[in-house]
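Mind looking over this structure? Questions follow.
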Amino acid sequence: MLSGLIAGGVAGEIRKYVQAALREAETKQQLRRLHHDLEIARDIQQALLPKDSPKIEGYYIAGWNKPAEETGGDYYDWTTFSDGRLIVSLADVTGHGIGPAMLAGVCRAYSRTNFRSHRTLFDAFRSINAAIARDLDPGRFITFVGVACTPGTGDLEVLSAGHGPLFRYSAANDTFTEVDSQGVPLGVLPEFTSAPSTPLHLEPDDLFLLVTDGFVEWENPKMEEFGAARLKQEIRASRNLSPDKMLTALYEAVLSFSSGTKQQDDLTAVIIKRT
């Protein structure tokens, strides 16, 4: 009888071990599937970003994006108005990960459709906001900026729905001017509310910089933010490079400043340079 009890106890322990091993194997398989799905989502999202700089007389434009996780809530894009102006856009959905990534894809689709079917930034923003407001849960919103570039002139028109920082750099004066947001973020209100757009003129070698706050808010181990002052310093130091190389230099600068701290937010930037 004693031997039977011992054998039964051993068998019970073995069953527990086998069940635990099976649960662990199932969990690992689920994690592998999840990681595989996230890789696919990342590849799809990255494929939606522009492959090349836009071809527009008088400008050199480049964009760059690095999500904090496999997917992110930032994106940049360019398309054209019917009058031939190039529209450079950049968006930052609250949060990061798969949910914001899906909303970023939806925003991109709405913005492309509406920029092509409207003649002004405000009308396009109003229609994009109406569509976005129906899709967003309470508490979520999208900061969004559109820049209309007139070929060959250096004339820009900027409309920002709660997005910043936005900087114009004057090569002749070696100075930065910050452009304020004119409207509320997309999805906050059913009707888009905004002050008039801001006109700008770029002289040769002047720059216009669009970035998401992941750059300025990245902290080092001392909990110091990279900040707007360092961002301007790096742009000034690399101003004679092409915009794509300027963006590489900016990322290397913020990465060096972070001293190994984890990237907490998505990073996206676009530089418009007058040639």
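The values are calculated or read from the model by the stated rules, or taken from the named source; none is laboratory data. Quick caveat, the model's predicted, so the values are computed rather than measured. Positions of Cβ are backbone-derived with ideal geometry, glycine not excepted, and every protein chain shown enters the neighbour counts.
Tally time: how many residues in the range 127-158 are more than 21 Å from the chain's Cα centre (by Cα) and of a type in the set (Lys, Arg)?
Result for the range 127-158: 1.
Shifting gears a bit: Taking Phe208, is it under 21 Å from the mean Cα position of the chain (by Cα), farther than 22 Å from Asn240 by Cα and not in a loop (DSSP other than H, G, I, E, B)?
In short, no.
Out of Val211, Val254, Val216, which single residue is closer than 23 Å to Asp92 by Cα and in contact with a strand residue (DSSP E or B) (Cβ under 6 Å, 6 or more places away or on another chain)?
None of the other options fit; the residue is Val211.
Residues checked against (1) farther than 22 Å from Met246 by Cβ; (2) assigned by TED's automatic domain parsing to the domain that holds Ser242; (3) of a type in the set (A, V, I, L, M):
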site	(1), (2), (3)
Tyr59	no, yes, no
Glu69	yes, yes, no
Asp74	no, yes, no
Ala104	yes, yes, yes
Leu136	yes, yes, yes
Gly139	yes, yes, no
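Any residue that is over 30 Å from Ala124 (Cα atoms) and within 19 Å of the chain's Cα centre (by Cα) - is there at least one of those in the range 263-272?
Yes - at least one qualifying residue is present in the range 263-272.
When Pro190 is evaluated against the numbered criteria (1) at pLDDT 95 or above; (2) exposed (fewer than 12 other Cβ atoms within 10 Å of the Cβ), which criterion, by number, is the only one it fails?
(1)
Could you count how many residues in the range 159-175 are in contact with a Pro (Cβ under 9 Å, 6 or more places away or on another chain) and either on the phi > 0 side of the Ramachandran plot or crowded, with 19+ Cβ neighbours inside 10 Å (or both)?
So the count comes out to 4.
All but one of (1) modelled with pLDDT of 95 or more; (2) more than 24 Å from Asp213 (Cα to Cα) hold for Gly84; which doesn't?
Among (1) modelled with pLDDT of 95 or more; (2) more than 24 Å from Asp213 (Cα to Cα), the lone unmet condition for Gly84 is (1).
Can you tell me which of (1) part of a loop (DSSP other than H, G, I, E, B); (2) farther than 29 Å from Ala229 by Cα is the one Asp180 doesn't meet?
The one condition Asp180 does not meet is (2).
In addition: Return the only residue of Lys222, Lys245 being out of contact with any Asp or Glu (no Cβ under 7 Å at 6 or more places or on another chain), in the same structural domain as Tyr169 (by TED's automatic domain parsing), modelled with pLDDT of 95 or more and in a helix (DSSP H, G or I).
Testing whether each residue is out of contact with any Asp or Glu (no Cβ under 7 Å at 6 or more places or on another chain), in the same structural domain as Tyr169 (by TED's automatic domain parsing), modelled with pLDDT of 95 or more and in a helix (DSSP H, G or I) leaves just Lys245.
Any chance the range 81-98 includes a residue that's basic (Lys, Arg) and over 22 Å from Gln264 (Cβ atoms)?
Yes; the residues of the range 81-98 include at least one that is basic (Lys, Arg) and over 22 Å from Gln264 (Cβ atoms).
From (1) modelled with pLDDT of 95 or more; (2) surrounded by fewer than 19 Cβ atoms within 10 Å (Cβ to Cβ); (3) in contact with a strand residue (DSSP E or B) (Cβ under 9 Å, 6 or more places away or on another chain), pick out the condition that doesn't hold for Asp123.
(3)
So Ile235 clears everything in (1) of a type in the set (A, V, I, L, M, F, W, C); (2) surrounded by 20 or more Cβ atoms within 10 Å (Cβ to Cβ); (3) within 29 Å of Ile132 (Cβ to Cβ) except one condition, right? Which one?
For Ile235, the exception is condition (3).
Right, another one. Tell me yes or no: at least one residue of the range 130-147 is buried (at least 19 other Cβ atoms within 10 Å of the Cβ), over 21 Å from Asp74 (Cα atoms), modelled with pLDDT of 95 or more and not small (Gly, Ala, Ser).
Looking for residues that are buried (at least 19 other Cβ atoms within 10 Å of the Cβ), over 21 Å from Asp74 (Cα atoms), modelled with pLDDT of 95 or more and not small (Gly, Ala, Ser), one finds none in the range 130-147, hence no.
Can you tell me which residue among Leu200, Leu231 is touching a helix residue (DSSP H, G or I) at 6+ places or on another chain (Cβ under 9 Å) and touching a residue at least 12 places away in the same chain (Cβ under 8 Å)?
Leu231
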